[in-house]
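The values are calculated or read from the model by the stated rules, or taken from the named source; none is laboratory data. What you are looking at is a predicted structure, and each value in this text was computed from that prediction instead of being measured. Don't worry about glycine lacking a Cβ; one is built from the backbone with ideal geometry, like all the others, and counts go over all protein chains shown. With ligands, DNA and RNA removed, areas are computed over all heavy atoms of the protein, side chains included. Shrake-Rupley method; radii C 1.70, N 1.55, O 1.52, S 1.80 Å.
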Amino acid sequence: MDTDTPLIRLEGVKRYFGSGDTEVRALDGVSLTIRSGEFVAIVGQSGSGKSTLMNILGCLDRPTGGTYCIRGEDIAHLDADDLAALRRQTFGFIFQRYNLLSSITATENVEIPAVYAGLSTAERREKATALLNRLGLSDRGGHTPNQLSGGQQQRVAVARALVNDAEVVLADEPTGALDSGSSDELLGLLEELHGSGRTIILITHDHAVAARAQRMIELKDGRVISDTGTSDARPAQEAPYRHARSGPSFVGQMIESVKMAFRSLRANLFRTALTLLGVIIGVAAVVAMLAIGQGSQREVMSRFESMGSNLLFVRPGAPGTRMRGDAIATLTLADADSLGELDNVLAAVPSRSGSATLRVGSEDYRTTIEGVSADWPIAQNRGLKYGTFFTKDDVTHRVGVVVLGTTTAGNLFDNVEGAVGQYVFLGGAPFEVAGILEEKGASSWGQDQDDVALVPITTGMMRLFGQSYLSSITIAVDDTDRISDTETEANELLLERHGTEDFQIRNTASILESVQDTQNSFSILLGSVASISLLVGGIGVMNIMLVSVSERTREIGVRMATGARRSDILMQFLIEALVVGGLGGIAGVLIGFGVCFVLSVNGMPVAVTVMPAILAFTSAMVTGLVFGLLPARKAAHLDPVTALASE
Ligand code: ADP
Ligand code: MG
């Protein structure tokens with residue numbers, strides 16, 4: 001640096017507020033030069049423009065007119081980040097009301113400018129501790145500001161101003177809130193700093209305080225009315241303590257922001273908990289709902305798959321008919337017989353069902369009676385627990401035999417095994433129990449498949465149903481690869497027999513498909529309900545972050561004055577929102593898994609997979625990001641001077 005270049009040079013600097021009738025000329029053409037190493041007092045009555053001048057000198061504010069050069073460089077050419085760098089490295093601020101952050105300790109307050117300068121944790125802890133020791137606060141580092149006296153707080157503020165080795169200390173009425181003892185101490189400290197080579201600019205309305213400086217500039221109505229001039233001929237010196245102008249590394253900045261986020265979330269524990277609750281409920285709902293949806297889908301599918309992929313179902317009624325199959329009289333036993341003759345058909349089982357009361361001694365039991373053919377066990381792929389199934393002969397001769405499901409048998413007989421060979425009364429006639437079906441459990445729609453009684457279809461038609469038409473024919477094919485050919489053949493055969501298409505044939509695959517469709521829309525419904533709760537959680541995050549920004553405007557101002565760039569502030573608030581989203585996400589996923597566990601223990605079909613958990617966690621983070629962006633932008637675009645002035 002050229003030794004002739006002054007540290008600070010103002011030429012005709014103006015700062016007007018408002019316009020027209022309400023225009024206030026806080027500074028109205030101020031020209032002055034301050035050289036490195038000077039101790040200058042700026043005095044003037046209240047409202048004379050001192051603070052406005054200090055804000056401009058400290059690059060918190062820009063002049064409306066005139067030029068301001070620092071080390072010969074016009075600040076008009078600098079952008080917001082350059083100004084932040086100047087505040088971070090060249091200036092140290094001391095305010096009348098200390099402006100310490102109340103939720104963190106003295107040491108942490110001192111460290112703030114060093115955080116933005118990118119010093120490592122160890123380095124800045126060491127510097128902050130050394131400074132506090134030097135200022136007689138060695139045992140107060142761990143205290144929060146409200147545990148300190150005014151004088152101590154102001155010394156913490158001095159330490160903060162010095163932690164980045166500021167060349168220029170700007171103090172605006174630093175003794176204004178102090179008693180005379182502390183005030184004297186502070187002025188001594190400033191003199192000492194001046195002695196060690198720093199430039200001190202002290203703003204005060206008190207002439208006695210100003211007298212401690214070497215040079216006094218007096219302001220009145222935004223103009224310089226007197227200046228004692230540069231009395232000290234100390235040459236401007238190259239600052240021996242410059243850091244690189246670069247800010248902190250990205251990763252370092254992230255880590256700091258995460259730490260700060262946790263700190264400020266901890267400072268408002270209750271509010272944080274409520275916000276988290278919103279996100280947690282949303283995420284847990286997504287995880288649990290999707291698991292339930294998937295679980296029920298899987299169960300339905302597996303039931304259908306166990307039914308066999310080799311089946312074709314023939315129902316009466318033209319395609320699209322909504323009438324119940326029982327009521328349509330188009331399918332006959334002869335149809336079933338001819339279908340059974342087709343190539344590749346293992347069995348074509350006719351069926352007609354109704355309900356009736358079975359009686360054994362004094363026991364009555366009402367259940368579903370299904371009339372089927374002897375091939376039923378082949379088509380249903382279901383064996384017998386005890387006894388045998390009825391035979392083709394039984395069907396041909398309309399014999400009174402019955403095969404019972406275990407539920408039915410259990411309701412009629414004390415000893416199920418002993419039931420084989422016994423008689424039950426059905427429709428007033430005795431039926432011999434030929435066998436007991438092996439257990440199958442509940443169907444996908446919750447029906448007990450063991451609560452049934454099977455009789456030969458012919459017997460049933462004659463004695464029970466009073467009907468000789470079928471409600472369905474189930475065709476089991478041999479080679480499933482040729483199932484669609486068989487379906488076509490069956491269709492042609494029935495068309496030929498009936499003359500019109502008064503029947504419908506479906507295969508397991510097409511049924512499976514339609515079930516899957518229903519299940520998918522069920523899952524989508526559950527998922528959207530859950531997403532809405534996540535959205536509500538996100539709005540909660542935004543709400544809290546907006547409140548937080550308004551409440552912490554002063555903190556934002558302090559951070560900006562100590563060198564935070566807009567991106568630092570943006571990052572800080574964004575990361576706070578992300579931390580809320582992330583914590584809520586983790587807790588929500590865990591709780592969602594917990595809910596799934598409880599449900600599955602209680603017999604509900606849930607399928608816990610990683611995908612919904614990842615999805616929900618990611619959406620929680622995205623929610624934090626999206627809903628945190630607006631508040632964070634609001635914070636980052638605050639004007640440093642306005643932010644500092646806020647209550
Ligand atoms: P001092 O610090 O000497 O008491 P200030 O620099 O704070 O004086 O204010 C100088 C003048 O500028 C005052 O009349 C004040 O009302 C006005 N002023 C300061 N800041 C603003 C602002 N943001 N908007 C409007 N007027 C302002
Ligand atoms: Mg003022």
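Look at (1) over 43 Å from the mean Cα position of the chain (by Cα); (2) within 16 Å of ligand 1 (Cβ to nearest atom); (3) open to solvent by less than 10 Å² (accessible area, probe 1.4 Å) and you find that I34 fails only one, number (2). Taken residue by residue, the range 496-504 has at least one member that is at pLDDT 90 or above and either open to solvent by less than 40 Å² (accessible area, probe 1.4 Å) or touching an Asp or Glu at 6+ places or on another chain (Cβ under 7 Å) (or both).
Being surrounded by fewer than 18 Cβ atoms within 10 Å (Cβ to Cβ), of a type in the set (S, T, N, Q) and modelled with pLDDT under 90 is a property that S102 has.
Quick check on my filter: what residues within the range 428-456 are surrounded by 15 or more Cβ atoms within 10 Å (Cβ to Cβ), under 60 Å from the mean Cα position of the chain (by Cα) and of a type in the set (A, V, I, L, M)? Correct list: I436, L437, V452, A453, L454, V455.
Looking across the range 538-573, just one residue is touching a strand residue (DSSP E or B) at 6+ places or on another chain (Cβ under 8 Å) and not aliphatic (A, V, I, L, M), and that is T562. Of the residues contained in the range 95-109, one or more are found to be away from ligand 1 (no atom under 16 Å from the Cβ) and under 19 Å from I200 (Cα atoms).
Give the residue, chosen from S528, S567, that is free of Cβ contacts under 8 Å to residues at least 60 places away in the same chain and farther than 30 Å from E489 by Cα. Working first, answer last.
Numbers: S567 fails: free of Cβ contacts under 8 Å to residues at least 60 places away in the same chain.
Going through S528, S567 in turn, just one is free of Cβ contacts under 8 Å to residues at least 60 places away in the same chain and farther than 30 Å from E489 by Cα: S528.
Counting only strands (runs of 3 or more DSSP E) wholly contained in the range 338-416, the ones carrying 1 or more residues that are open to solvent by less than 20 Å² (accessible area, probe 1.4 Å) and among the β-branched types (V, I, T) occupy 345-360, 363-372, 401-404. Quick check on this structure: which one of G12, G18, G47 is closer than 17 Å to I217 by Cβ, free of Cβ contacts under 8 Å to residues at least 12 places away in the same chain and surrounded by fewer than 22 Cβ atoms within 10 Å (Cβ to Cβ)? Testing whether each residue is closer than 17 Å to I217 by Cβ, free of Cβ contacts under 8 Å to residues at least 12 places away in the same chain and surrounded by fewer than 22 Cβ atoms within 10 Å (Cβ to Cβ) leaves just G47. A single entry from E555, E551, E576 fulfils the requirement of being under 13 Å from T623 (Cα atoms) and among the acidic types (D, E): E576.
For D326, the requirement of being modelled with pLDDT of 80 or more, assigned to a helix (DSSP H, G or I) and within 30 Å of A348 (Cα to Cα) is not met. Residue-level check: of (1) farther than 30 Å from L615 by Cβ; (2) without any contact (Cβ under 8 Å) to a residue 60 or more places away in the chain; (3) open to solvent by 20 Å² or more (accessible area, probe 1.4 Å), E489 misses just (2). Residues in the range 624-647 that are open to solvent by 20 Å² or more (accessible area, probe 1.4 Å) and more than 16 Å from ligand 2 (Cβ to nearest atom): L625, V626, F627, L629, L630, R633, K634, H637, L638, D639. Beta carbons closer than 8 Å, at least 6 apart along the sequence or on distinct chains, pair a first residue in the range 500-524 that is over 21 Å from V286 (Cβ atoms) with a second that is of a type in the set (S, T, Y) and open to solvent by less than 80 Å² (accessible area, probe 1.4 Å) for D502/T330; F503/T330; Q504/T321; N507/S484; V515/S444. Only one of the numbered conditions (1) open to solvent by 10 Å² or more (accessible area, probe 1.4 Å); (2) within 16 Å of ligand 1 (Cβ to nearest atom) is violated by G58, and that is (1). Look at the range 90-117: where a residue is closer than 18 Å to G58 by Cβ and a partner is among the acidic types (D, E), sitting 6+ places away or on another chain with Cβ atoms under 7 Å, you get T90/E167; F95/D172; Q96/D172; Q96/E173; Y116/D568. Counting only helices (runs of 4 or more DSSP H) that sit completely within the range 119-228, those holding 2 or more residues that are more than 16 Å from ligand 2 (Cβ to nearest atom) and in contact (Cβ under 8 Å) with a residue 40 or more places away in the chain correspond to 150-162, 180-195. Can you name the number of the only condition in (1) open to solvent by 10 Å² or more (accessible area, probe 1.4 Å); (2) modelled with pLDDT of 90 or more that Q96 fails? Exception for Q96: condition (2). When we screen L615, L590, L629, L599 for residues that are in contact with a helix residue (DSSP H, G or I) (Cβ under 9 Å, 6 or more places away or on another chain) and within 30 Å of A442 (Cα to Cα), the only hit is L599.
Name the one entry in L346, L331 that is of a type in the set (A, V, I, L, M) and touching a Phe, Trp or Tyr at 6+ places or on another chain (Cβ under 7 Å).
Working: L346 fails: touching a Phe, Trp or Tyr at 6+ places or on another chain (Cβ under 7 Å).
The unique qualifying residue is L331.
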